[in-house]
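The values are calculated or read from the model by the stated rules, or taken from the named source; none is laboratory data. Note that the structure is predicted; figures quoted are calculated from it, not measured. Quick reminder, even Gly has a Cβ in these numbers, built from the backbone with ideal geometry, and neighbours come from all protein chains shown. All accessible areas refer to the heavy atoms of the entire protein, side chains included, with ligands and DNA or RNA removed. Shrake-Rupley method; radii C 1.70, N 1.55, O 1.52, S 1.80 Å.
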Amino acid sequence: MDVSNIINLGLLLVTAIGVFVAIYQAKEARAARNHAEAASNSAADHERAALAAAQKSAEEAGRSAAALEEANEIARQSLPRDPWNLIQHTKNKYEIRNDSAETLWGVALDEASRQGDVTPFSDVPVPQLHPGESIYFDYSKSFASPASTTIIVSWGFPDTTERQTWRRTLS
């Protein structure tokens, strides 16, 4: 065997090792690529599932908020409604309007302190005060009057002797 054959045999052996390493690296690269694709697909599936869960959660939160608002509205409607509305027309002139849907009987207006600062414009008690009707009064403080006074409106219904009262403080 001469030297050129030995060199060629050595080069063949080195080339065979190079080919074997290249085939092994290609196989490893293909496995890594397949693993990366599977991980990417899995991540996309998880992303879609997370988006669907977030959308479902948002829909549920919206339904919950709507149900809560409906329950609040039902609760508001079930509260007893204040039958009176106090309206100040001028510095001293006031109106108390029957804002209920019922006729109120024997409506009386009084001043808690009995200072005489509240003067009704008509005779009180009023025998009947229909919905939307009003009692008007004047509130004029004197030098000796307290800083505020409380007015008391009382009324009843024809089928009972019980009296209802409503109070507001004027300053």
Q.
Given R₀ = 25 Å, what would the calculated FRET efficiency be for R167 paired with Q115, taking r from the Cβ atoms and rounding to 0.05?
A. 0.95
Q.
To the nearest 20 Debye, how big is the dipole of the range 51-171 about its Cα centre, given +1 on the beta carbon of each Lys and Arg and -1 on that of each Asp and Glu?
A. 420 debye
Q. Just in the range 1-110: which trypsin sites (Lys or Arg not before Pro) are loop by DSSP and have at most 11 other Cβ atoms within 10 Å?
A. R81, K91
Q: Select from S78, Q88, P125 the residue farthest towards the positive end of the dipole of the range 60-162; place +1 on Cβ of Lys and Arg, -1 on Cβ of Asp and Glu, and compute about the Cα centre.
A: Q88
(Q) How charged is the neighbourhood of P131? Take every other residue with its Cβ under 13 Å from the Cβ of P131, and add Lys/Arg as +1 and Asp/Glu as -1. (A) -1
Q: Read through the labelled values (i) 1.30; (ii) 0.96; (iii) 2.92 and report the label of the one computed as Cα Rg over 2.2 N^0.38 Å from the structure.
A: (iii)
Q. Between N8 and N41, what is the label-to-label distance in nm when each label sits 7 Å out along the Cα-to-Cβ direction?
A. 4.9 nm
Q) Quick one: with all protein chains in place, what share of the accessible area of the chain is carbon or sulfur, to the nearest percent (1.4 Å probe)? A) 58 percent
Q: Take the alpha-carbon centre of the range 81-157, take the same for the range 29-66, and report the distance between them in whole Å.
A: 66 Å
Q.
List the aspartates and glutamates whose Cα sits under 17 Å from the Cα of K27, skipping any in the same chain fewer than 8 residues away.
A. E37
Q) Hey, what did the range 1-137 get for relative contact order, percent, Cα under 8 Å, at least 6 apart? A) 16 percent
Q: Could you pull out every one of the lysines with an alpha carbon less than 29 Å from that of K141, ignoring same-chain neighbours closer than 8 positions?
A: K91, K93
Q: Which order do the peptides 14-23, 109-118 take when ranked by the mean count of other beta-carbon atoms within 10 Å per residue, highest first?
A: 109-118, 14-23
Q.
Just to confirm, what accessible area per residue do you get for the chain at 1.4 Å probe, in whole Å²?
A. 72 Å²
Q. Which angle between 0 and 90 degrees, to the nearest 10, do you get for helix 3-78 versus the longest principal axis of the chain when only C-alpha atoms count?
A. 10 degrees
